[in-house]
1. Looking at the range 132-172, which of the residues that are under 23 Å from residue 316 (Cα atoms) and hydroxyl-bearing (Ser, Thr, Tyr) is farthest from the chain's Cα centre (by Cα)?
2. Kindly evaluate residue 290 against the criterion of being touching a strand residue (DSSP E or B) at 6+ places or on another chain (Cβ under 8 Å) and surrounded by fewer than 13 Cβ atoms within 10 Å (Cβ to Cβ).
3. Just one of 169, 163, 213 is among the charged types (D, E, K, R), at pLDDT 95 or above and buried (at least 18 other Cβ atoms within 10 Å of the Cβ); which is it?
4. Determine whether residue 224 is farther than 22 Å from residue 65 by Cβ, of a type in the set (S, T, N, Q) and without any contact (Cβ under 8 Å) to a residue 12 or more places away in the chain.
5. Looking only at the range 153-178, which residues are farther than 20 Å from residue 93 by Cα and among the aliphatic types (A, V, I, L, M)?
6. Out of the residues in the range 127-150 that are in contact with a strand residue (DSSP E or B) (Cβ under 7 Å, 6 or more places away or on another chain) and not in a strand (DSSP E or B), which is farthest from residue 42 (Cα to Cα)?
7. I'm trying to understand the selection: among the residues of the range 47-88, which are assigned to a loop (DSSP other than H, G, I, E, B) and open to solvent by 90 Å² or more (accessible area, probe 1.4 Å)?
8. Is there any pair with a first residue in the range 174-198 that is free of Cβ contacts under 8 Å to residues at least 60 places away in the same chain and farther than 18 Å from residue 61 by Cα and a second that is charged (D, E, K, R) and open to solvent by 10 Å² or more (accessible area, probe 1.4 Å) whose Cβ atoms are under 9 Å apart and which are 6 or more apart or on different chains, and what are they?
Amino acid sequence: MPEIQEFDLIVIGAGPAGYVAAIRAAQLGMKVACVEKEKTLGGTCLNVGCIPSKALLESSEHYAFLQQKMADHGINVQGASIDFKKFLDRKDRVVAQLTGGVAVLFKKNKVTHVVGTAHINEKTKRDKTVTVTRDKEEVQLKAKNILIATGSQPINIPGVTVDGVKVVDSTGALSLPQIPKKLVIIGGGYIGLEIGSVYLRLGSEVVVLEALDRIVPLMDADLSRGLHRILEKQGMKFSLSTKVKQTEVKKDGTVVVNVIDPKGGEATISADVVLMAVGRKPYTEGMGLKEAGVQVDEKGRIVVDAKFQTSMEGVYAIGDVIAGPMLAHKAMEEGVAVVETIAGQAGH
């Protein structure tokens, strides 16, 4: 049986919630282990979310300005083109720099980084154990407190199979092999609109399919209308109150999207690539939460009290796995608050 490594706090997940909590806990004098299934730190946000999408947005904005606005300054630019490989390489360098920076902070603050998938074992004992599995090898960790910060993952809908090539999620859309002539986006939330804006500026025809009657439906209605007008003026196309029935990839590589229009009729839309971006859900599967006695609600979110403690004493949860907006800065603030509470301070 492998030797059990002992800590004051085990953090599961190294995204904005987890890595900030781990570093702050170490600064407060705790011996901390942070378990992350990916080799790089930073979670979805740094690796395949906020940071790479903003890097691509910035690069595409430079290209669009060069194409559309330089003439207004009396500067004539001819022959400008996109080297798509370098375009993506720059995004990768930005990601590598920031994820590497988190690794440096872990080392500086003596946070133990454990690579693998975590499973919470104990049900009621004072010291809780976590089994971390990587390449069929297991590591046993023990601590008085466990913090779950595993983040979220893209939602899928029936009839749409994400193959990572012709039908992609947000991760796949950040690394397409080439600029699609036509990109259809299922979902009018901010993730799809961000990525759609990138490819629109690069010359793709972009069509957004949204089941509700407006884009970014969780945001203020006036903001939604204003954003709709701006994006439409830029050339983005929208089909609102349109539900996707299924997608089918043809032999020639074309993706056909079958939809139900606002009047209940059926129609088809063809595309080179389809982006599935209907939202995200908490990543809580496979951790043994039910067996450990950690309560989860009907939406798959971990139930916590005002101090972020779950139904299992000594087990806490923060970030995308609990109720509230799935935002990095919200997760970071919760990370600081929960470890300060664990340390006996008034975490806010």
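1. 133
2. Yes, satisfied.
3. Values: 163 fails: buried (at least 18 other Cβ atoms within 10 Å of the Cβ); 213 fails: buried (at least 18 other Cβ atoms within 10 Å of the Cβ).
None of the others qualify; the one that does is 169.
4. yes
5. 155, 157, 160, 162, 165, 167, 168
6. Checking each candidate, the answer is 127.
7. Here is the first cut: in the range 47-88, the residues assigned to a loop (DSSP other than H, G, I, E, B) are 49, 69, 74-83.
Selection gives 69, 76, 78, 81.
8. Correct list of pairs: 188/210; 188/214.
The values are calculated or read from the model by the stated rules, or taken from the named source; none is laboratory data. In this text the structure is predicted, and so the values were computed from the model without any measurement. Cβ coordinates were reconstructed from backbone atoms using ideal geometry, including for glycine residues, and neighbour counts include every protein chain displayed. Note: accessible area is taken over every heavy atom of the protein model, side chains too, but ligands, DNA and RNA are not part of it. Shrake-Rupley method; radii C 1.70, N 1.55, O 1.52, S 1.80 Å.
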